[in-house]
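Following: one structure in structure tokens, then a few remarks.
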Amino acid sequence: MKAFAKVNIFLKITGIRGNYHEIASRFVIIENLYDELSFTKNETDDFFIEGNFDCETKQNTIYKAYIALNEAVNSKKLKDFFKHYGIKVKKNIPAFAGLGGGSSNAAVFLLMCNDELKLGLKKEELSYIGSKAGADVPFFVYGYKSANVSGIGEKVEEFKEESLNIETFTPDIKISTPTVYKTYREFFFNPIYEDEKNKLFKTNSKDILKNSDIYGANDLYAPALKLYPDLKKFQKKGWYFSGSGSSFFRII
């Protein structure tokens, strides 16, 4: 099953909720960039993930989704299934890139489990479970091509617009998302107001980018640049920054 990448057409901070930042963002699927997930035979008692990952299994978003799903359904059928099967991931989405690869993998994993094991969970339930694995997981659970995302990622509303042909470029810079947010809070904190958020949520993606530069579209670009000044080498006119980076994108 395909797990698509995404870009943030815009990403604005609207406030703080505890240790989290509340956002207003437009998530859009990249239709030509995706990982591929499938179940694979595994005869060990350990949860098994096959794929080219830069982290240990217990740090993987798929594993976190598995734990959250287990806690939610407490199903013997689910536990028994993963004594005989693992999950295989063919990775194409770069890691630490702001393209949502880990969250997309976790969402697709939940959808596959729900279908294969006939758990009967609705999208809203899977979204809630997925939010415990990662803030961006709910968007991928719903499967919208374009959506307005708010709160800390749990509020997802479909935005209907024409499909966008998106080109991405990811420099070899591994960015720490928590550190970028921390730097934003310390040096760049300037949340937008509700009326500005509502205006963005009603405007199509092409028009938003037409009227914004890379700094204006994404509140996290300035703090990312402060932490990783080499990003400046890759900044080009007409290109924008996705999430906390390090990927740049444009609509072609």
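Comparison of Thr183, Thr170 shows that the only residue that is in contact (Cβ under 8 Å) with a residue 12 or more places away in the chain, of a type in the set (Val, Ile, Thr), in contact with a Pro (Cβ under 8 Å, 6 or more places away or on another chain) and within 16 Å of Phe248 (Cβ to Cβ) is Thr170.
Within the stretch 92-110, the residues that satisfy the criterion of being surrounded by 17 or more Cβ atoms within 10 Å (Cβ to Cβ) and outside any helix (DSSP H, G or I) are Ile93, Pro94, Phe96, Ala97, Gly98, Leu99, Gly100. Evaluation of Ile251 against the conditions (1) more than 22 Å from the chain's Cα centre (by Cα); (2) farther than 17 Å from Ala24 by Cβ shows that the sole unmet condition is (1). Across the stretch 38-78, the qualifying residues are those that are under 22 Å from the mean Cα position of the chain (by Cα) and among the small types (Gly, Ala, Ser), and the one among them that is modelled with the lowest pLDDT is Gly51. Restricting the search to helices (runs of 4 or more DSSP H) fully inside the stretch 118-234 and requiring at least 2 residues that are farther than 21 Å from Ala95 by Cβ and either in the same structural domain as Ala97 (by TED's automatic domain parsing) or modelled with pLDDT under 95 (or both) gives 123-131. Give the residues of the stretch 26-73 that are surrounded by 14 or more Cβ atoms within 10 Å (Cβ to Cβ) and of a type in the set (Asp, Glu), sorted by residue number. Glu31, Asp35, Glu36, listed by residue number.
Restricting attention to the stretch 147-178 and to residues that are over 25 Å from Tyr128 (Cα atoms) and of a type in the set (Val, Ile, Thr), the residue that is surrounded by the fewest Cβ atoms within 10 Å (Cβ to Cβ) turns out to be Ile173. The listed residues are Ile252, Ile214, and the only one of them that is in contact with a strand residue (DSSP E or B) (Cβ under 8 Å, 6 or more places away or on another chain) and without any contact (Cβ under 8 Å) to a residue 40 or more places away in the chain turns out to be Ile214.
Screening Thr61 against (1) touching a helix residue (DSSP H, G or I) at 6+ places or on another chain (Cβ under 6 Å); (2) among the polar types (S, T, N, Q); (3) at positive phi leaves a single unmet condition, (3).
When the stretch 1-25 is limited to residues that are touching a Lys or Arg at 6+ places or on another chain (Cβ under 9 Å) and among the hydroxyl-bearing types (Ser, Thr, Tyr), the one that is surrounded by the most Cβ atoms within 10 Å (Cβ to Cβ) turns out to be Ser25.
The values are calculated or read from the model by the stated rules, or taken from the named source; none is laboratory data. This structure is a prediction, so every number in the text was calculated from the model and none was measured. Here the Cβ is made from the backbone with ideal geometry for all residues, glycine too, and neighbour counts use every protein chain on show.
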